[in-house]
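Beneath this line is the structure, given in structure tokens, with notes to follow.
Where a number appears in this text, it was derived from the coordinates with a stated rule and is not lab data. Values in this document were obtained by computation on a predicted structure and should not be read as measured data. Every residue, glycine as well, gets a Cβ built from its backbone with ideal geometry; the counts of neighbours run over all protein chains shown.
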Amino acid sequence: MAATKTADETLGYEQARDELIDVVRRLETGGTSLEESLALWERGEELAKVCRRWLDGARARLDAALAEEDDNENSGDEDAGEE
């Protein structure tokens, strides 16, 4: 299990998303045993967490960039009023 955690941490968003899509397709298609279905479900949950971490990180970076842009615009407004 530890090897899977380490491998999941190195997965890029697109890789995790593509594998998650494959897992969902396999589950929707059926034809797997209960044990295989449970293993696929668990894998899908892990992949969803990887995707969520990537998206949360992207959101944080976007929010930081927007906040920095706002700060730069606001400090520019203050400088304009001082002249």
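Before moving on, here are some points about what is shown:
- Taking the average, over residues, of other Cβ atoms within 10 Å as the packing measure, peptides 53-62, 37-46 rank 37-46, 53-62 from highest down.
- Here each label is just a point 7 Å from Cα along the line to Cβ, and for Ala58 and Glu73 those points are 2.3 nm apart.
- Label point distance in nm, Glu28-Thr10, each placed 7 Å from Cα along Cα→Cβ: 3.1
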